[in-house]
1. Test residue 275 against the criterion of being assigned to a loop (DSSP other than H, G, I, E, B) and in contact (Cβ under 8 Å) with a residue 24 or more places away in the chain, and give yes or no.
2. Somewhere in the range 296-303, is a residue in contact with a Ser or Thr (Cβ under 7 Å, 6 or more places away or on another chain) and assigned to a helix (DSSP H, G or I)?
3. If the requirement is being of a type in the set (A, V, I, L, M, F, W, C), free of Cβ contacts under 8 Å to residues at least 24 places away in the same chain and assigned by TED's automatic domain parsing to the domain that holds residue 75, which of these qualifies: 137, 107?
4. Assess whether residue 152 counts as being exposed (fewer than 13 other Cβ atoms within 10 Å of the Cβ) and of a type outside the set (Ser, Thr, Tyr).
5. Kindly provide the set of residues from the range 111-144 that are assigned to a helix (DSSP H, G or I), surrounded by fewer than 18 Cβ atoms within 10 Å (Cβ to Cβ) and among the small types (Gly, Ala, Ser), ordered by number.
6. Filter the range 157-166 down to residues that are small (Gly, Ala, Ser) and either over 9 Å from the mean Cα position of the chain (by Cα) or not assigned by TED's automatic domain parsing to the domain that holds residue 126 (or both) and give me whichever is surrounded by the fewest Cβ atoms within 10 Å (Cβ to Cβ).
Amino acid sequence: MKNSEFVTNWVIEQVKKNYVDDIALVVSHTTLRIEDKEDAVSFFVPITKKGNEFGRTFILNGEGFDIWGIPWERLEGFAELEEYNITVLADAKVLYARSDEDLERFIGLQKKLQENINNRKKMHMCALQAYAQAKSIYMQMLFGKGSEVKLGAGYVLDYLAQAIAFSNCRYFKKTQTNQVEELETMDRVPEGFEEKYLQVLKERNGKAQKALCYELICDVQVFLEGMSTYDEGKEEQKEKNFQDLADWYGELSYTWLRIRHYASKQDYIKVYMWGIYLQHELNQVCEDFGLERLELMDYYEADNLKMIAKQADLIEVKMRQVIEAGGGKIHEYATAEEFLDEV
């Protein structure tokens, strides 16, 4: 008898005999095991303190086993895509259920998870979160040495790959270990991503690894910005409240005035600082309203402020056109009399 078969039988027997009121389910999840086709116990669902204490970590005949508990509340988090290892719920199989109700509850969570995976808007948000995590790890990796660089590079690859998978409404059944193979089955992947991914793993030089990770981050950024992330997005954009955008513009219009004024005065410090403020705001509204990214700070040069001032004017004209096309009303008045007539 295999170690895994012995342990699985032992767990189920113990639960039936001593934990019938304390553990709802015994579950198999084996996509990460060396032999990933066997129905070996992975985790259980405790419902009491006694049940939670059933967890075991041990080595049998040289093979390690980690029998761990996942309460219902955490499984609900898996269903809402709040956990890293989506596969733990998605690809799990119930080996023992205390009752039909417990089994139905678990199957219901798997169905909910699949609904969320099929929700392009939700998966797009997960993709952006994974991408942000990759960038955060990369920033730490920049200052690392030795093993820290290789550690950081691995997780940069992991989260970038997750961002791509989520954009395809997919997840990795084997988390980090088979990402290249699983990416090859997906419809939309940045060109050359798999090749650079493998280059990072083969590269021995830390500096070169950092450079490759930077390239991949840029590639995925372009990928996320350029693709139509979800089909219903276009319809949703039509439903956006463009009056909110008009009100935002009214609030920010003085910032455009600031940039023009300080550019005319050759005050590059104030132009730079008000410029990054406006760029941040533009980034946010473009994402919220599904608009193409508007570049402002790329036109900044300390000794030629006319460039950024001109670009700011062009962006302002475009933003006004978007607002008017969407049906928003900009509250502006040529004279004090006009203002008083409306208010």
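1. Against the criterion (assigned to a loop (DSSP other than H, G, I, E, B) and in contact (Cβ under 8 Å) with a residue 24 or more places away in the chain), residue 275 does not qualify.
2. Checking the range 296-303: not a single residue is in contact with a Ser or Thr (Cβ under 7 Å, 6 or more places away or on another chain) and assigned to a helix (DSSP H, G or I).
3. After ruling out the rest, the residue left standing is 107.
4. For residue 152, the condition - exposed (fewer than 13 other Cβ atoms within 10 Å of the Cβ) and of a type outside the set (Ser, Thr, Tyr) - is not met.
5. The answer is 132, 136.
6. 165
Residues checked against (1) β-branched (Val, Ile, Thr); (2) touching a residue at least 40 places away in the same chain (Cβ under 8 Å); (3) within 26 Å of residue 173 (Cα to Cα):
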| site | (1), (2), (3) |
| --- | --- |
| 19 | no, no, no |
| 32 | no, yes, yes |
| 50 | no, no, no |
| 57 | yes, no, yes |
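Residue-wise test of (1) modelled with pLDDT under 90; (2) out of contact with any Gly (no Cβ under 8 Å at 6 or more places or on another chain); (3) not assigned by TED's automatic domain parsing to the domain that holds residue 182.
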| site | (1), (2), (3) |
| --- | --- |
| 9 | no, yes, yes |
| 12 | no, yes, yes |
| 18 | no, yes, yes |
| 33 | yes, yes, yes |
| 39 | yes, yes, yes |
| 45 | no, no, yes |
| 51 | no, no, yes |
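The values are calculated or read from the model by the stated rules, or taken from the named source; none is laboratory data. Computed from a predicted structure; not experimentally measured. Neighbour counts are summed over all protein chains in view; Cβ atoms, including those assigned to glycine, are modelled from backbone coordinates with ideal geometry.
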